[in-house]
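Notes to accompany the following structure.
Nothing in this text is a laboratory measurement; each read-out follows from the coordinates by a stated rule. Note that the structure is a prediction, hence the values are computed from the model and not measured. Note: ideal-geometry Cβ built from the backbone for every residue, glycine included; neighbour counts use all protein chains shown.
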Amino acid sequence: MRRAVNEPQSVTGFSRDDENHWLIHLDCGHRLHARHDPPWQSRPFVTSTEGRAALLGTGWACPYCNGTSSMRPAPGPLELANLSVDRAWIDYNGHMNVAYYVLAFDRAVDALLAAIGVDEHYVESRRLSTFSAEIHVCYLAEVHAGDPLRITGQVLGANAKRVHFFLRMYHAADGYLAATLEQVALHVDLSTRRTSPFPRDVLERVESLGAVHAALERPPQAGRVMGISPGDAR
């Protein structure tokens, strides 16, 4: 359950801005600068992986949620999942196996679908659901046993029967992008096992979220075509 606006939000991860300053990500979806610039600003915890990892899951006051900031937050992707790499997901190369990237992403997909109203209750009560039509995964960096992961998502497009979305997997403490997943899901009537239009209430949520996410930068991995280019020879 979401906390009241005057209560601390949970720290979900870290990233860097264009000037290489650290940003704290909160589960409310807002991002806050955490500059370490003594003697003016002293936040030594951001200078080490251990310090950042220790802050994950702890409470942090969000000035946007509690109304103490006069600035308007920039729109951001949905904060969908936080998890750690299970040791059983590690293969003989010593890093997370490709199949488990998809497993981790799938947990985030469930959270994204729940945000538009397509959750377990929806499936059981309406006998409607979504099926995956196409998935593209880009493996960008290794993650290892015990590493904390943070997964975000944004809607790229939708129509009456389809939703197109994009997920990013980050190392939560070090902020680097480990993988991306692009997916098209079909809305399906479970009684016929055929595509079916979204109900109006769900379609309105999808379109509303898509309108917000239209302001976000389109991911460079979205729409990629697999192949080998001359530049790949080096």
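For V188, the residues whose modelled amide H falls within less than 5 Å of its own, excluding neighbours fewer than 5 places apart on the same chain, are S129, T130, F131, S196.
Give, rounded to the nearest 20 debye, the magnitude of the charge dipole that the chain has about its Cα centre when Lys and Arg contribute +1 at Cβ and Asp and Glu contribute -1 at Cβ.
420 debye
Relative contact order, whole percent, for region 78-213 stands at 28, derived from Cα pairs under 8 Å and 6 or more residues apart. Annotation: amide H of A158 within the under-5 Å range of H164, sequence separation 5 or more or interchain, hydrogens built in the peptide plane.
Summary value for the chain: 19 percent relative contact order, contacts being C-alpha pairs under 8 angstrom separated by 6+ residues. Length gained on full extension, S208 to L177: 8.5 nm, using 0.36 nm per residue less the C-alpha separation. With 0.36 nm allotted per residue and the present C-alpha distance subtracted, the A74-A99 stretch has 5.6 nm of extension available.
3J(HN,Hα) couplings calculated from phi for region 195-200 with the Karplus curve 6.51 cos²θ - 1.76 cosθ + 1.60 (θ = phi - 60°) are, in sequence order, 4, 8, x, 4, x, 4 Hz; Gly and Pro show x. With contacts taken as Cα pairs under 8 Å at a separation of at least 6 residues, region 18-145 carries a relative contact order of 19 percent. For the chain, the Cys residues with no second cysteine's beta carbon closer than 4.7 Å are C28, C138. Between Q9 and W60, A61, C62, the built amide H atoms are under 5 Å apart, and every one of these is 5 or more places off in sequence or on another chain. In the chain, the calculated helix contribution to ellipticity at 222 nm averages -6000 deg cm²/dmol per residue, counting -39,500 (n - 2.57) for every DSSP H run with n ≥ 4. Applied to region 55-61, the Karplus parametrisation 6.51 cos²θ - 1.76 cosθ + 1.60 on θ = phi - 60° returns per-residue 3J(HN,Hα) values of 7, 4, x, 7, x, 9, 5 Hz, with x for Gly and Pro. Whole-Hz Karplus values for region 106-118 come out as 4, 5, 6, 4, 4, 5, 5, 5, 4, 5, 9, x, 9 Hz, taken residue by residue from phi with 6.51 cos²θ - 1.76 cosθ + 1.60 and θ = phi - 60°; glycine and proline positions read x.
If only the Cβ of Lys and Arg carry +1 and only the Cβ of Asp and Glu carry -1, the dipole of region 9-60 around its Cα centre is close to 100 debye.
Between the residues W60, V202, Y139, the greatest Cα displacement towards the positive end of the dipole of the chain, with unit charges on the Cβ of Lys, Arg, Asp and Glu, is found for V202.
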